[in-house]
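Encoded as structure tokens, the structure appears first; notes follow it.
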Amino acid sequence: MKSLVFCCVIVNCFVLGLCDVPQCFKLKFGEIACNQDVDVNTVIKTVPAQNECLSMAKGLELFEKVGKMIGNKFEQLYNEEKQKVADGNMIGRKFEKLYNEEKQKVADGNMIGRKFEKLYNEEKQKVAILNNQISDVTKEMNTCNDFRKITTMRESSVVVQKDYSTPQLKKCGVGMQDINKIKDNQITGSSMFREDHGPQYGRLFETRGIKAWSTQPGPGYRATIDKWSTFGLKNQWITVDLKKDTKIIGVVTAGRPPHVYNGLTDLHNQWVSTFTMEYKTDKNKYIIPFLDRTGKLEVFQGNTDMTTPVVNIFRFPITARWFTIKPINYVYSMCMQFDLLVC
């Protein structure tokens, strides 16, 4: 390329008259070709002989020859660059095709991702349901553990009776003694003798109705001297709903207190002497009976007269919402007052 430019400079110099004919450059065709790699020192500047100096015609011929050679060279370079562009376009189309293919793969991947997300959410929901079921099973297991606690208690750990003063009973009651804390409709029973014998009157220190809960007459009832007897009556119960799980340490019961009619005191002598108990928590669907250390139903010792409150302290505190008393033995009639203790 250097020789090509050099030759072009020589010819232009001669043609444009920038060089004198006697001082023209000696170019012996065949010795130095313009397509060779030569530099300025290769061509020797000299004063040639008359017959060796290039004529105007020769200069023009040489110029034309060099011009064609340059044109051919540039045409060759142009074609090469054109081919490179064509190759580049082909490569570009290939890359565009690859890009579109990868773009489609990404779109397919997103679709698969959405499907897996849907499956994940479905499985997550299943896991949540299983966790709830496990929670229920755990609660049932805890219930069984409560049974085990009761049945494995040492012989010295029994339900004990404890003396409470009237002020202590008023202070430690769960609220049965206050109609504003525990409403009448929170106390229910299996039956009642009359309206004024209803379970809502089965509160400790009650002053309304007959001042106690009394069940319906039993099959042994006779309208004679023992007309108030409910001999043979079974499966009776009274329940209080505390509206939320509450920690209870014991229970207190009392009989039907004396009643004054027309200035006369009527001694009914009615009370429950033994009973069992059950409880149920707010979220547990099972009713749990109190059991003794042998796994049998715990029989609580009730009253021996109609006026003295009897306190039974549990082996360990029970936290529940519903508590039920189920009378077993009684005197004359299943008739009682009760309260639950928190201290």
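Filter the stretch 284-343 for residues that are in contact with a strand residue (DSSP E or B) (Cβ under 8 Å, 6 or more places away or on another chain), in contact (Cβ under 8 Å) with a residue 60 or more places away in the chain and not in a strand (DSSP E or B) and give the result. Steps first, answer last, please.
Going through the stretch 284-343, the residues in contact with a strand residue (DSSP E or B) (Cβ under 8 Å, 6 or more places away or on another chain) turn out to be 286-291, 297-314, 317-331, 333-343.
Adding the requirement that they be in contact (Cβ under 8 Å) with a residue 60 or more places away in the chain leaves 286, 288, 290-291, 298, 300-301, 309-314, 317-327, 330-331, 333-343.
Tyr286, Phe290, Glu298, Pro309, Ser333, Met334, Val342, Cys343 - these are the residues of the stretch 284-343 that are in contact with a strand residue (DSSP E or B) (Cβ under 8 Å, 6 or more places away or on another chain), in contact (Cβ under 8 Å) with a residue 60 or more places away in the chain and not in a strand (DSSP E or B).
Screening the stretch 312-338 for residues that are of a type in the set (Phe, Trp, Tyr) and modelled with pLDDT of 95 or more and picking the one that is surrounded by the fewest Cβ atoms within 10 Å (Cβ to Cβ) gives Trp322.
Looking across the stretch 210-269, the residues that are within 30 Å of Phe314 (Cβ to Cβ), assigned to a loop (DSSP other than H, G, I, E, B), of a type in the set (A, V, I, L, M) and modelled with pLDDT of 75 or more come down to Ile210, Ala212.
Just to be sure, is Gly263 on the phi > 0 side of the Ramachandran plot, under 40 Å from the mean Cα position of the chain (by Cα) and surrounded by fewer than 19 Cβ atoms within 10 Å (Cβ to Cβ)?
Considered against the rule, which asks whether it is on the phi > 0 side of the Ramachandran plot, under 40 Å from the mean Cα position of the chain (by Cα) and surrounded by fewer than 19 Cβ atoms within 10 Å (Cβ to Cβ), Gly263 comes out as no.
The values are calculated or read from the model by the stated rules, or taken from the named source; none is laboratory data. What you see is a predicted model; the values in this text were computed from it and never measured. So basically every Cβ, Gly included, is an ideal-geometry build from the backbone, and we count neighbours across all protein chains shown.
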